[in-house]
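Shown next, in structure tokens, is the structure this report addresses.
Here, each number is a calculation from the coordinates, and none is a lab measurement. Every value quoted in this text rests on a predicted model; they were computed, and no experiment measured them. FYI the Cβ positions are ideal-geometry reconstructions off the backbone, even for glycines, and counts take in every protein chain you see.
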Amino acid sequence: MDERAALLMLETELDAAGDDAAVVGEQVITTDMLHERTDFPEGTTRYTAGWRAVGASLSDVAAMGAEATAAVAIYAAPEFDRTELAEFVDGARDVCESVDGAYVGGDLDDHVEFTVATTAVGEPTSQCCEAGRNRATQSVSPVPSVGARRPWSSFAPGRPTAETSYSSSRLGSLPGRRSHPRQPR
């Protein structure tokens, strides 16, 4: 069974599950996992990894028609480099701030491969949560989705432009492969 079939099976088994996130009481919650070998192309900075990983979960909250409020991440790596970890947190914090949310921490773990697991929570809006179930909101992610028509390398570095932005005005573009320190805003 592939991932799509597994998701369909789980939706029939779990009442709270939507296509992108689950509705639990008065909150929308989602989680994602990204791995260095399969999700972060060679040369991806830790800043971009933080933006992309947390942005994936924020996007899932938005796809449900909810407003993201906070995110956490598990940062797992073979070793911890102070600069790389700080860059990751900066990317995670910046993508949260771009949707008026907060990056509030997470956990660290030793692992053979750089891997990130993220969780985001949000507050339902009047458009929640049929948007996620009906797929009414498309292309809200600040990063390319599975099946994106352009390769990673084609996303321009720097601030959002008409070409790199997606349909959600609250989520900017992929920050690209710029190096730290960040450029002035």
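Over the range 21-138, with a single point scatterer placed on each C-alpha, what log10 of the ratio I(q)/I(0) does the Debye formula yield at q = 0.11, 0.20, 0.21 1/Å?
Taking Cα atoms of the range 21-138 as identical point scatterers yields -0.35, -0.98, -1.05.
Over the range 21-138, what is the relative contact order in whole percent, taking alpha-carbon pairs under 8 Å and six or more residues apart?
That works out to 41 percent.
Place the peptides 45-52, 100-107 in order of packing, highest mean first, counting for every residue the other Cβ atoms within 10 Å and averaging per peptide.
Put in order of decreasing packing, that is 45-52, 100-107.
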